[in-house]
Structures are given as structure tokens and as C-alpha cells.
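Below is one structure, written out as C-alpha cells; comments come after it.
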Amino acid sequence: MRLQIVPVLTFIIFGVISFKVDAQSKKFIEFSYDQGPIIGNNKDWADELIDIIDYSGVDVRIGWRSGKNIYYNYINRYPSYGLGFTSAVNYYKEIGRPMGVYAFGEFPFGKNDFDRKLNFSYYAQIGLGFNMNPYDAETNPINGFVGTAINAHVHFGLKASYQFSSTLEGFTSIGTKHYSNGSIKKPNSGINFVPIALGLRVNLDKEKFNPGTKPDFPPLEKRGIWNIAAYTGLKSYDVGEKTYFRGGLGVNYLWELSYKYRGGLGIDWFYGAGAKERYPDENIGFFDVNSFAIVGSWEWKLTERLYMPIALGVYLSRAHYNQEVNGFYERIGVRYRMKNNVFAGVQIKAHKAKADFFEFTLGYTIPGKVRKIVNP
């Protein structure tokens, strides 16, 4: 299934980091238990499922925090990365027992104070969800949350931790855990939990984490760059209907705002196939299946080559038959830019947090001339 490309790409991209883990990285294992409500969508079937389902889950994570004293680590407050596994405790015939494998990133708040016992951070998990009982018109008609047994696993949240010793830390977190197939197959309202977790981190390296003083920063080259990207994906429009191609092109001009961020504007074009097949009796015109938008783009640089694209687009024209239901859309994902300026990644395009389709992206960056050099 094409959906499996989402976690595969994510593991490849985050795997680039894992292969570069050096002796200065501090490795750890985390165990946690979480519990929380499932969020509905004001539908009768969703309310019925909420009354049935009592969510609780367990997580196991293996990670590392790079102590390499370079400026990318410093500006992101020496983040942690790793891989994890999650599972619901209880099985329900309506949704199964959702499980997931994922890559994660955890980013501390505040100044780089490594003697502090109490710490706060935010985190993101992206991976593969499985072991679910999807919608079936005959055997499972109540489950409008997911139409596939395999889905994307996405989890964002906030975390507070306390260091008891050099080996042991306790933590609590709250976030939103989401399972969705990105509208590859309907229905796809998505399973949304709001888990509150309690857990322990066991540090495998007893040495104190202290990368040292602030590293040397290179001069910041203020320049513009052009990103030219091709988006490809799949989308189902109605329950029981087959999947059709979705895709498009994007051209964005971004400016180096800081060591950590780029920002700019661009234009997106989207195309949806299958309208004539789905509506054989209607006169389908060009603008019924093609849409155009102005998009504000943002890049959060995690390393020299790994970054998160974040965007907000406003439609100049919406394709009536492509289910572009709002006048604006959001985009968030992960990309990796290679040394030859080719980049690849995966993003989710959504309307008010409701998935439109997963964008599997391949593109090229054209660097502009250096207009200004800012010394640190």
C-alpha cells in the first residue's frame, strides 16, 4: 500500500541522524504508560464509539541526545532523537488494538542549562500505525474513524521531566495521538486520542551530559533560495470508491532569516484525477480539477540538511471536485536536502487539520547570491 511509504521515508530520513550518532551522544531507554479520552467529531456513530472505548497505552523508546558541540545542536538546545513502539492496552472489536512504530524528536525549552533537575520539552512522533480493525460496510459499519488497517501514526505533545540521578529520570507528558491514512481510503475521520503519560527514562551513559560552552558560529550568509517541488499522492473521495492520483507543483522563494529558520512566499498548483470517471454526466472543466494558491512557507532547520517544512496556503481558485473544502490549507512534514541540492520528503496537506492527502515530495533548491554576511 502506498501509505506505507510515509513511515518508510520518515525512518530513512531520521535514520540519517542515527547513523551519525557519535561517542558524544547520550543514549537512553524510556518506558511510559498513558491514558486519555478519544476525541469525536459530533457524529452519532463517533459518540457511540467514545462511550465504548476506554483508551490506555504503553510506549517503549530508544533514543540518543547528541552532545556534539556544534551550532545546529546549540540553537535547537541539543535535541534527542530515536525510535519507539506504542500499543493500546485494550482490544476493541470496533477499532482493534492500535499499535505503532515511529521515529521521534524531542526539543527542550529554555536556556542550555545542563545542571537543571526539572526540564520541559516538546516532541513529535511520526511513523506507522497498524493492528486496527477498519470500516467494513457489513462487519464493522460503526467505525468511521479509519478505512484501512495500516495508517500513519502522528503524535505531538509537551513533556516535563525530573532527574533523580545520573541514571534515572521521571517524566509526564500530554499530547495528541492521531491515526489516519491521509484520505487514501474513506472513511477517514482519524482516531484521535489525548493521552496523559507517566514514565521513566534510564540513561545508559552515566557520565554527565555537558557539551561545553557555546560553540563557534559561522557567518550567516543572507541569501534567497528557490525551492521547486513536485507533490504526488493518492486520495479516495467517497466510501467504497477507488483511489485516484493527487499531485501538483510548488515554487517557493525563501530567505535566510536566521541560523534556525527560513521563510518566504510561493505558488502551489494541485491536480486531482478521476473527476470525469466519478461524475460521468457532468461537464468537467479545467478549474474543476486544478487549483492554485499563494502559500507562505517556513523551514525549521534541524541540522544542516534535515528540516521541517511548515506552510499556510490561501487558494486563488479551488477545484470543486477535489474536496478542497476551505479557502486555506496547512502543510507540515519533514524533508532532507542532499549535497547536490535535491531534496525529498513527506508532508501532510490538510484543511483545518482534516487530511487532504499525503504529499510525497521530490524537488530541487536553487541557491541565490549572498546578499549580506552577518557575523555572529
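The values are calculated or read from the model by the stated rules, or taken from the named source; none is laboratory data. Quick caveat: nothing in here was measured; it's all calculated off a predicted structure. Glycine gets a Cβ as well: all are built from the backbone with ideal geometry, and neighbour counts include every protein chain shown.
With the requirement that a residue be of a type in the set (Phe, Trp, Tyr) and touching a residue at least 40 places away in the same chain (Cβ under 8 Å), what does segment 98-120 give you?
Of everything in segment 98-120, those that are of a type in the set (Phe, Trp, Tyr) and touching a residue at least 40 places away in the same chain (Cβ under 8 Å) turn out to be Tyr102, Phe104, Phe114, Phe120.
Run down Phe130, Phe120 and say which single residue is in contact with a Pro (Cβ under 9 Å, 6 or more places away or on another chain), outside the structural domain of Ala273 (by TED's automatic domain parsing) and surrounded by fewer than 14 Cβ atoms within 10 Å (Cβ to Cβ).
That would be Phe120, the only listed residue that is in contact with a Pro (Cβ under 9 Å, 6 or more places away or on another chain), outside the structural domain of Ala273 (by TED's automatic domain parsing) and surrounded by fewer than 14 Cβ atoms within 10 Å (Cβ to Cβ).
Scan segment 196-218 and tell me whether some residue there is more than 30 Å from Thr86 (Cβ to Cβ) and not in a loop (DSSP other than H, G, I, E, B).
no
Can you tell me which residues in segment 104-162 are over 20 Å from Ser66 (Cα atoms) and of a type in the set (D, E, K, R)?
Those that are over 20 Å from Ser66 (Cα atoms) and of a type in the set (D, E, K, R): Asp136, Glu138.
Residue by residue, here is whether (1) farther than 18 Å from Ile228 by Cβ; (2) at pLDDT below 95; (3) of a type outside the set (Lys, Arg) holds:
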{"residue": "Ala275", "(1), (2), (3)": "yes, yes, yes"}
{"residue": "Asp281", "(1), (2), (3)": "yes, yes, yes"}
{"residue": "Ser291", "(1), (2), (3)": "yes, no, yes"}
{"residue": "Thr303", "(1), (2), (3)": "yes, yes, yes"}
{"residue": "Asn322", "(1), (2), (3)": "yes, yes, yes"}
{"residue": "Asn326", "(1), (2), (3)": "yes, yes, yes"}
{"residue": "Arg331", "(1), (2), (3)": "no, no, no"}
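Is one or more of the residues making up segment 360-371 farther than 30 Å from Pro218 by Cβ, assigned to a loop (DSSP other than H, G, I, E, B), at pLDDT 90 or above and not aliphatic (A, V, I, L, M)? Please lay out each step first, then the result.
Going residue by residue through segment 360-371, those that are farther than 30 Å from Pro218 by Cβ are 360.
The next check asks that each one be assigned to a loop (DSSP other than H, G, I, E, B); those that pass are none.
Looking for residues that are farther than 30 Å from Pro218 by Cβ, assigned to a loop (DSSP other than H, G, I, E, B), at pLDDT 90 or above and not aliphatic (A, V, I, L, M), one finds none in segment 360-371, hence no.
Of (1) more than 26 Å from Leu302 (Cα to Cα); (2) crowded, with 18+ Cβ neighbours inside 10 Å; (3) touching a strand residue (DSSP E or B) at 6+ places or on another chain (Cβ under 7 Å); (4) not basic (Lys, Arg), Asn143 satisfies all except one. Which?
(3)
Exactly one of these conditions fails for Ala103: (1) touching a helix residue (DSSP H, G or I) at 6+ places or on another chain (Cβ under 9 Å); (2) part of a loop (DSSP other than H, G, I, E, B). Give me its number.
(2)
Do you know which residues across segment 193-208 are out of contact with any Leu (no Cβ under 7 Å at 6 or more places or on another chain) and surrounded by fewer than 18 Cβ atoms within 10 Å (Cβ to Cβ)?
Those that are out of contact with any Leu (no Cβ under 7 Å at 6 or more places or on another chain) and surrounded by fewer than 18 Cβ atoms within 10 Å (Cβ to Cβ): Val194, Ile196, Leu198, Leu204, Asp205, Lys206, Glu207, Lys208.
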